[in-house]
Amino acid sequence: MKSLHKLLLVLCLPAMLMMPACTKDFEDLNTDKSKSGESSGVPEFNFTRALLEYTGNSDFSYDTWRVNIIYCSMMMQQLANVSWYAGDKYIQNDGWAAAYFERAYPDQIKYITDVIRVTKDNAYLSNQYNIARIAKVMIFHRLTDIYGDVPYSEAGKGYSDRNFTPKYDAQQEIYMDMLKELDEAAKALDAGKAVPGQGDLIYNKGGAVPAAQVVASWKKLAYSLMLRLGMRLSKRDDAVAKTWVEKAYAGGLIASNADNAFILHDASGGRTTVNRVSNILSGEWNAINNVGEVCISKTFMDFLKNNNDPRLQYIAVVPASNSEIPADQLGMPNGYDTNGGATDISKAPGYPNDTKKYSVLNKNVLLKLNGPTFLVTYAQVELLLAEAAKRGWSVGADAATHYNNGVKAAMEQLAQYNSTASISGTEVQAYLTAHPYDDAKGYDQINTQYWAACVLDWYEAWANWRRSGYPQLTPVNYVGNATGGKIPRRMLYPSSELASNPTNYQEAIKRQGTNALTTPVWWDKQ
């Protein structure tokens, strides 16, 4: 397979050759003039760029660092920090909290919207069009879950429609349209037509996968996203959630780890192609190697150690000794600092003040620069189905069966990061025997396992926690925090929106509530 670095150069070449006239001739570049109906190449480049930058690979990559790591990983108590990572203690930093909004529109939405515009009326590119619709839902799904009401129906149309002040759509309307888009796009995919080539970084890596297989994979992804969206509505509208979840199950979901949607990165292209979470934590920024900067949270560590979880040996390492032995691992409590006051880490009960003794993520397994970024996984699908089954919805099996499938898939998924991280069937069964599904505790068990299965994808861990309330995390109440000691429910709109799009911004605030960390999004009915 060509590296991402080389692939981006290949896909960029047609546009680069005409760079002096790129603004003047932009629409011409994006218009298919081929008599055969084949793509000019630009839609595929834009598709590739949207997918890659969805993983945080923009030139700035502030979204990954500031929202996924600095906020979400810390708020969800999988990671901890005693210095400046604001999410650990719910400190408000407007620029960091707004980073995903600021990067998503120019780095993701602009490109995926243009793919849809260019391919919509081209029969030859109908699969590219419908796959782009699915990808667009995936992109907006995360964005609206982070911020609530956002520009959606008019977004990404600055060039095509000259609309530079798009309205903010209500999240309820966004969700209903995203579900419709998934339904229509999945049904319209055609195994007999051309599919995106090597620019499809998820399911056509290398460009040689048979069209029928690519189409089948994107259909599974569409219905798996539909399942996730449907479950997100479970507190807001149980009946609507049930309808869409059952439709998703009937459509056909991701059915094994072989179906997992992920992008495999390339270590040779710098921050534009490497795995950015890995690069921030163990590469360019070396966050896990800077003493005390990013450690595994005591909450996450206690869950793994207390349950004799076989994942622990591959997830954690003690930097002082390089030990991967589970018994040696030590989690850092959230909410502490090194300022010598009441919250000084040296005063945490039973914890030494030597931060090298606190475990960090194992960079040899989870944090490889050429490792995968998982987007939607079989483990997540099965655990969502487990909750749907517990609710009495028709999803093919009972809650216990889906739960066991989900836990097994999450454990076996580690081998997709590194083949050495192989957990045997015997180890999985021993874990499930020791921790059997208990329907009386079902919601807690299912969603706590979902939380564990979302390691590194802390956006999704945070979203599902807000929806389900599990795991039952104990918030910190650090002096000067912005939430009164409550875990934040959303991130913040950029202050620039108030200046550049004031009317629409104010309408969103009036409808949704104050632009604050404590204001819930529409589906987050507490």
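A few notes on this one:
- Sole residue being β-branched (V, I, T) and surrounded by fewer than 24 Cβ atoms within 10 Å (Cβ to Cβ), chosen from I70, I91: I91
- Taking the conditions (1) part of a helix (DSSP H, G or I); (2) of a type in the set (V, I, T); (3) open to solvent by 10 Å² or more (accessible area, probe 1.4 Å); (4) touching a residue at least 40 places away in the same chain (Cβ under 8 Å) in turn, T144 satisfies each one other than (3).
- Whichever residue in segment 73-88 is open to solvent by less than 10 Å² (accessible area, probe 1.4 Å) and hydroxyl-bearing (S, T, Y) and, among such residues, is farthest from T448 (Cα to Cα): Y85
- Of all residues making up segment 416-461, the number that are of a type in the set (F, W, Y), under 17 Å from N307 (Cα atoms) and part of a helix (DSSP H, G or I): 3
- Considering residues of segment 317-338 that are open to solvent by 50 Å² or more (accessible area, probe 1.4 Å) and among the polar types (S, T, N, Q) only, the residue farthest from S359 (Cα to Cα): T338
- Close Cβ contacts (under 6 Å, 6 or more residues apart or on different chains) running from residues in segment 166-182 that are more than 17 Å from R142 (Cβ to Cβ) to residues that are assigned to a helix (DSSP H, G or I) and open to solvent by less than 50 Å² (accessible area, probe 1.4 Å) comprise K167/N504.
- Y314 among the hydroxyl-bearing types (S, T, Y), touching a Gly at 6+ places or on another chain (Cβ under 6 Å), at pLDDT 95 or above and not in a strand (DSSP E or B): no
- S256 in contact (Cβ under 8 Å) with a residue 24 or more places away in the chain, open to solvent by 10 Å² or more (accessible area, probe 1.4 Å) and not aliphatic (A, V, I, L, M): yes
- The lone exception for N290 - which of (1) surrounded by 15 or more Cβ atoms within 10 Å (Cβ to Cβ); (2) modelled with pLDDT under 95; (3) on the phi < 0 side of the Ramachandran plot it fails: (1)
- Among the candidates Y314, Y358, residue that is open to solvent by 20 Å² or more (accessible area, probe 1.4 Å) and hydroxyl-bearing (S, T, Y): Y314
- Apart from one condition, E102 fits all of (1) touching a residue at least 24 places away in the same chain (Cβ under 8 Å); (2) more than 30 Å from T243 (Cβ to Cβ); (3) part of a loop (DSSP other than H, G, I, E, B); (4) open to solvent by 40 Å² or more (accessible area, probe 1.4 Å); the exception is (3).
- Residue within segment 260-271 that is open to solvent by 40 Å² or more (accessible area, probe 1.4 Å), within 18 Å of W65 (Cα to Cα) and in contact with an Asp or Glu (Cβ under 9 Å, 6 or more places away or on another chain) present: yes
- Here segment 462-498 is the region considered, the condition is being more than 27 Å from K390 (Cβ to Cβ) and outside any loop (DSSP other than H, G, I, E, B), and the residue that is most open to solvent (accessible area, probe 1.4 Å) is S495.
- Criterion: closer than 30 Å to E53 by Cα, without any contact (Cβ under 8 Å) to a residue 12 or more places away in the chain and more than 21 Å from the chain's Cα centre (by Cα) - qualifying residue of N306, N286: N286
- Residue count for segment 373-392 satisfying the condition of being buried (at least 20 other Cβ atoms within 10 Å of the Cβ), in contact (Cβ under 8 Å) with a residue 60 or more places away in the chain and either in a loop (DSSP other than H, G, I, E, B) or not β-branched (V, I, T) (or both): 12.
- Flag for L432 being within 21 Å of the chain's Cα centre (by Cα), surrounded by fewer than 23 Cβ atoms within 10 Å (Cβ to Cβ) and hydrophobic (A, V, I, L, M, F, W, C): no
- Some residue of segment 230-237 being over 17 Å from Y378 (Cα atoms), acidic (D, E) and in contact (Cβ under 8 Å) with a residue 60 or more places away in the chain: no
The values are calculated or read from the model by the stated rules, or taken from the named source; none is laboratory data. These numbers come from a predicted model, not from an experiment. Glycine gets a Cβ as well: all are built from the backbone with ideal geometry, and neighbour counts include every protein chain shown. Note: accessible area is taken over every heavy atom of the protein model, side chains too, but ligands, DNA and RNA are not part of it. Shrake-Rupley method; radii C 1.70, N 1.55, O 1.52, S 1.80 Å.
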